[in-house]
Structures are given as C-alpha cells and as structure tokens.
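S.K.: One structure, pasted below without further comment.
The values are calculated or read from the model by the stated rules, or taken from the named source; none is laboratory data. All values reported here derive from a predicted model rather than from experimental measurement. Note that we place each Cβ from the backbone using ideal geometry, even for glycine, and neighbour counts take in every protein chain shown. Each accessible area value is taken on the protein alone, full model and side chains, heavy atoms only, with ligands, DNA and RNA left out. Shrake-Rupley method; radii C 1.70, N 1.55, O 1.52, S 1.80 Å.
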Amino acid sequence: MICRAGRHGVLTTRRSYQMHFTGRGMTRRGSLGGGLAVAATALAGCSSPVAAGLFGSQLDPSTLVFWNLFSGGDGTRMQAMEAGYQKAYGRGSLQATTFAWGNPYYTKVTLATVGNKPPDVAVSHLTRAKPLREGDIIEDITDADLASVGLSSSDFAAKPWKAQITGGHTIAIPLDTHPFVLFFNSDVCRKAGILGTDGDLTQLQGLEDFEAALQAISRVTGGAAITSANVGGETATPWRLFWTLYNQRSGATPFLSGGGTRLTVNEDLFLDTVARIQSWVRKGWLNKGLDYATAQTYMFTGKAGMYVQGEWEITTAQSIKGLTFGMTKIPTVYDRPAAQADSHCFIIPRKERTDQQRHQVMLFIKKMLEQSMTWAEGGHIPAYQPIATSSAYKALRPQANYASAADIAVYDDPTWYGGSGSTFENIVGAQLALAQQLAVTPQGALNVIKQQLRVYLDTESPL
C-alpha cells in the first residue's frame, strides 16, 4: 500500500510492512493513555502499516521502523536516503512512514509511545525534542551509543549540538540546521547597484545600509523591495522575521523563560522591532499582505528584489525557468548577527530494546548522516561535519553561500507549547502578521499575545 500527500498532507507511507512493538510505561503521562483511541482514528488515513503499528501486528524483528514528517522536496530526498540504508542492510530492513507536519505529528509520536508502540527511531525538530524528553517520551543517547558507530560530539556543528543538550545529556542527533535566509533576484539587485561582480550581494551592514538597499531596489521594481509571507494563515514566517531581527539587538531577552511559564520578552525592543517592520510596509518596501506562494513569486518574477524564507525554498527557486537568483544569510540589520532557525534531529522514542536493536538504531542514524550531501541539495545546512567541511559541499552553490548561518542560529525558547509548527508560533505569528498588514499597532499585537499566552503560561506541561 502506498499513500501520498503534500507538505501538509494527512499521511504518506512507504513500504507496507506491519509493525510490532514492545515497551514500558512512562512518568507524568498516565492521563494520556485514554488518547490512544483518538490516535487510532487519527492514524487511520492509510490503514495497513499504521494500524499494524498501533495495534501490535507482527513485523519482522530485523525491520527498523522509522517515522518522519517530510514531504515535497524534503520527502523525495529522505526517500533517497532511506533507499541508501536499504541498499546497505537489505530491502526489508526499513519500514518508513511519513505523517502530517507540525502538531499532529508530535501528537502521534507521543501517543504511540504512551501506548508502548513507538517507532524505533523518529525525526523531530530540535525545538520539539526538549519537551518530549521532559515528558519521558524519548531516551537519552549515551557516549557509548555514539561510539558504537564511530560518532562523537566533535562530528557535529557546535550550535545545534549544544542546543540539544538537556540537563547535561544528549537527547537528539542533529541532521541539519535550517535557518531563515535571504533570497535575491540577481537581475533586480544588479540594476539596484547592490550586486558584486562575483554575483553575491554587496555587504549590507547595519540598518542604514539595509534600508538604502531596500530603497534602491524599490526604485527598480517601482514597488516592493522585499517580500515576506503573512496572509492566508501564514504565521510561521512573521514569527521568523521578528525573531531574527529582535535577536540581532542588544538587550534582547528570551521571549519565554522557565520552560514556558514566564513571558520575559523585552517589551521595548518588541515594540520597536515591530514598528520598524511596519515602517518598511508604509514606505512600500515590504509587502503589506501576501500569501506564501505569492511572496516568493514576486521575487521570482522581478516584482521584488529580495524574499525572506527558510532555505528549503531553494528547490522552488531552482525550478523557475530563466530565474537567476542567489541566497545569503540575513544581513546584520542591528547590533549582532542572528537568524531564526531550527534543526531536524533523530530521536529515540522510549521502549524496551535489546542491545542489538539499539545498535541497529544507531547504524540507521549513522547511515543517514553519511548521506547528508543529498539532504544539503535541498537547502539544509549539514550538521554532520565530515559532509559540511567537505570540498563537495563547499562547491555547492548557492547552499555554501549561507552555510555560516548555522553559526548564528537562534532557536525558539523551549516549552511544551512552542517550537516549529506550534501553538506558540501560531499565536505570536498571527499577531505579527496582522501588524505587518497594519491592522494592529505594535502595542495592540503585544497585548493580544500576552492575553492569549496566559493560559499556556499557567498550565503545567501535559507530557
């Protein structure tokens, strides 16, 4: 049975093997047990493989079960990497299932683990792994686990590796860093006088340089200089834009502290940063309202010179005939370099395993890391240093042009309701989107954010 869905589709499964799991109980989550019936319904989009895993049908014990949330270009590349594992360990060595991106995926991982029927290994955003560990959903990864397949902490980029360490323990193995980056239309930027002879943007350092570039581009386009998606339900991009600019400022504090129990954002900097974004809209430099697809189309077609989004949109840009474009890390508009980012990681859901089964999980992770060049072609910056420092990756363009963005990555604050595709992102991003539309003042946006976050600030993690 094969099912397919888009990036935000219901479910994709590959290889219709059945699953079999064993496990043990977890702490602080007995109340979730009753949710397994809900999970059974939610997972029924494509029945055979998923139902087998949920209800405990037999699976060849040598088959490793892998869950992820990749579709679109990422999904295609992940399937190629899975095929690489199968080539090394046998066609029946892997059963891979892809679920809907965001909260639905993490709910499935949590409920399956509570029901003692998790996958052997799964993908998580780094920002979602910490709450899973707090809820005893995932297992720590020991130095011995790493050493068993020839890995150590020195094999990984410092920023994502340090970010996943929790309570002194390794809880996830980073596959990449995926930062907020700047795309630019080379023809437009050349006409605006901000493209060097090497085809890269001239250095834009500070607010004055950046705004001068926006003004120059606007003269070329007769309208927008830079676009950023903020309508049609798009909340992630407004958050990423704000969090990038805010963290470039001296005095920036965490938005949330205490595991999400306290709102600690620097309110003066919040208001000033949002006001600056609104000033770009009023000058016609930044769009007032564009959906995700249209925001990038403006840059593709020369209606704008720049576009900000996650680097994964490189695949879309490369598919546009006649487009000459480049990519770079977000310019340092304020006091210090910073770019909102997350990392895809491998996690090990809690279950009973033999030493051999645990070693099999580590072999799978190692094999996927060794294929990071395939993953990098889709825009993500490899966390695995033997690939990231290779001559092949350094020659990859435009990917290598923004590789240093991994060093300035700023992750979302850890909380059970935060991270990529989260409730926090939806609440805060929705108000930032309205601010970009000039529908609310910066203070009005902050007031609603504080009001809507209150219930989550006061609620103990359900994990």
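S.K.: Every residue in the range 290-300 that is open to solvent by 40 Å² or more (accessible area, probe 1.4 Å) and either in contact with a helix residue (DSSP H, G or I) (Cβ under 8 Å, 6 or more places away or on another chain) or part of a helix (DSSP H, G or I) (or both), please.
M.R.: Answer for the range 290-300, where residues must be open to solvent by 40 Å² or more (accessible area, probe 1.4 Å) and either in contact with a helix residue (DSSP H, G or I) (Cβ under 8 Å, 6 or more places away or on another chain) or part of a helix (DSSP H, G or I) (or both): Y292, A293, T294, T297, Y298.
S.K.: Mind checking which residues of the range 104-162 are of a type in the set (A, V, I, L, M), touching a His at 6+ places or on another chain (Cβ under 8 Å) and farther than 30 Å from T261 by Cβ?
M.R.: Residue satisfying the conditions is V149 alone.
S.K.: Restricting attention to the range 241-268, report how many residues are assigned to a helix (DSSP H, G or I) and either in contact with a Phe, Trp or Tyr (Cβ under 6 Å, 6 or more places away or on another chain) or of a type in the set (G, A, S) (or both).
M.R.: Summing the residues that are assigned to a helix (DSSP H, G or I) and either in contact with a Phe, Trp or Tyr (Cβ under 6 Å, 6 or more places away or on another chain) or of a type in the set (G, A, S) (or both) in the range 241-268 gives 1.
S.K.: I need a count of the residues in the range 367-388 that are surrounded by 20 or more Cβ atoms within 10 Å (Cβ to Cβ), out of contact with any Phe, Trp or Tyr (no Cβ under 8 Å at 6 or more places or on another chain) and closer than 13 Å to G150 by Cβ.
M.R.: 0
S.K.: Ok, one more. Sort out which residues of the range 424-463 are among the hydroxyl-bearing types (S, T, Y) and at pLDDT below 95, and write them in order of number.
M.R.: Within the range 424-463, T459, S461 qualify.
S.K.: Is at least one residue of the range 177-192 more than 16 Å from A406 (Cα to Cα), outside the structural domain of A225 (by the TED database) and in contact (Cβ under 8 Å) with a residue 12 or more places away in the chain?
M.R.: Within the range 177-192, not a single residue is more than 16 Å from A406 (Cα to Cα), outside the structural domain of A225 (by the TED database) and in contact (Cβ under 8 Å) with a residue 12 or more places away in the chain.
S.K.: Here's a follow-up. Run K329 past the list (1) surrounded by fewer than 21 Cβ atoms within 10 Å (Cβ to Cβ); (2) out of contact with any Lys or Arg (no Cβ under 9 Å at 6 or more places or on another chain) and report the number of the one that doesn't hold.
M.R.: That leaves (1) as the condition not met.
S.K.: Considering only residues that are open to solvent by less than 30 Å² (accessible area, probe 1.4 Å) and either of a type in the set (D, E) or more than 21 Å from the chain's Cα centre (by Cα) (or both), look in the range 177-189 and name the one that is nearest to W243 (Cα to Cα).
M.R.: F184
S.K.: Within the range 301-323, work out how many residues are touching a residue at least 60 places away in the same chain (Cβ under 8 Å), under 20 Å from Q215 (Cα atoms) and either outside the structural domain of N185 (by the TED database) or open to solvent by 40 Å² or more (accessible area, probe 1.4 Å) (or both).
M.R.: Going through the range 301-323 one residue at a time, the tally reaches 1.
S.K.: Moving on to the next point. Quickly run through the range 160-176 and pick out the residues that are closer than 20 Å to M373 by Cβ and open to solvent by 10 Å² or more (accessible area, probe 1.4 Å).
M.R.: W161
S.K.: Taking K351, is it outside the structural domain of A224 (by the TED database) and either farther than 25 Å from Y384 by Cβ or surrounded by 24 or more Cβ atoms within 10 Å (Cβ to Cβ) (or both)? Break it down stepwise before answering.
M.R.: Values: outside the structural domain of A224 (by the TED database): yes; either farther than 25 Å from Y384 by Cβ or surrounded by 24 or more Cβ atoms within 10 Å (Cβ to Cβ) (or both): yes.
It is true that K351 is outside the structural domain of A224 (by the TED database) and either farther than 25 Å from Y384 by Cβ or surrounded by 24 or more Cβ atoms within 10 Å (Cβ to Cβ) (or both).
S.K.: Being within 21 Å of K329 (Cβ to Cβ) and open to solvent by 30 Å² or more (accessible area, probe 1.4 Å) is the filter here, so list the residues in the range 412-426 that pass it. Give the derivation first.
M.R.: Within the range 412-426, the first condition is being within 21 Å of K329 (Cβ to Cβ), and the residues that meet it are 412, 420.
Those that are within 21 Å of K329 (Cβ to Cβ) and open to solvent by 30 Å² or more (accessible area, probe 1.4 Å): none in the range 412-426.
S.K.: In the range 49-83, which residue that is in a helix (DSSP H, G or I) and open to solvent by 60 Å² or more (accessible area, probe 1.4 Å) is modelled with the lowest pLDDT?
M.R.: So, considering only residues that are in a helix (DSSP H, G or I) and open to solvent by 60 Å² or more (accessible area, probe 1.4 Å), the one modelled with the lowest pLDDT is F55.
S.K.: Can you pull out every residue in the range 273-289 that is in contact (Cβ under 8 Å) with a residue 12 or more places away in the chain and not in a loop (DSSP other than H, G, I, E, B)?
M.R.: Hits for the range 273-289 are T273, V274, A275, R276, I277, Q278, W280, V281, R282, L286.
S.K.: Kindly establish whether E377 is touching a helix residue (DSSP H, G or I) at 6+ places or on another chain (Cβ under 8 Å), modelled with pLDDT of 95 or more and over 26 Å from T110 (Cα atoms).
M.R.: Against the criterion (touching a helix residue (DSSP H, G or I) at 6+ places or on another chain (Cβ under 8 Å), modelled with pLDDT of 95 or more and over 26 Å from T110 (Cα atoms)), E377 qualifies.
S.K.: Among the candidates V448, V455, which residue alone is under 25 Å from V109 (Cα atoms) and surrounded by fewer than 22 Cβ atoms within 10 Å (Cβ to Cβ)?
M.R.: Result: V455 is the single residue among V448, V455 that is under 25 Å from V109 (Cα atoms) and surrounded by fewer than 22 Cβ atoms within 10 Å (Cβ to Cβ).
S.K.: Related question: For a quick check of your reading of the model, give me the residue pairs whose first member lies in the range 226-248 and is not assigned by the TED database to the domain that holds S420, whose second is assigned to a loop (DSSP other than H, G, I, E, B) and buried (at least 22 other Cβ atoms within 10 Å of the Cβ), with beta-carbon atoms closer than 8 Å and at least 6 apart or on different chains.
M.R.: Close Cβ pairs satisfying both conditions: none exist.
S.K.: For the range 84-183, which fully contained helices (runs of 4 or more DSSP H) count at least 3 residues that are hydroxyl-bearing (S, T, Y)?
M.R.: Numbers: elements: 103-114, 126-134, 143-147, 158-164.
Output list reads 103-114.
S.K.: Another question about this same structure. Tell me the residue from A236, A192 that is crowded, with 20+ Cβ neighbours inside 10 Å and more than 22 Å from G326 (Cα to Cα), please.
M.R.: Checking each option against the conditions leaves just A236.
S.K.: Cβ contacts < 6 Å: first residue open to solvent by less than 20 Å² (accessible area, probe 1.4 Å), restricted to the range 95-121; second residue among the basic types (K, R) and assigned to a strand (DSSP E or B), any location; separation 6+ or different chain. Result?
M.R.: Close Cβ pairs (under 6 Å, with a partner that is among the basic types (K, R) and assigned to a strand (DSSP E or B)) amount to A96/R14.
S.K.: Quickly run through the range 195-233 and pick out the residues that are surrounded by fewer than 17 Cβ atoms within 10 Å (Cβ to Cβ), assigned to a loop (DSSP other than H, G, I, E, B) and small (G, A, S).
M.R.: Selection gives G196, G199, G206, G222, G223, G232, G233.
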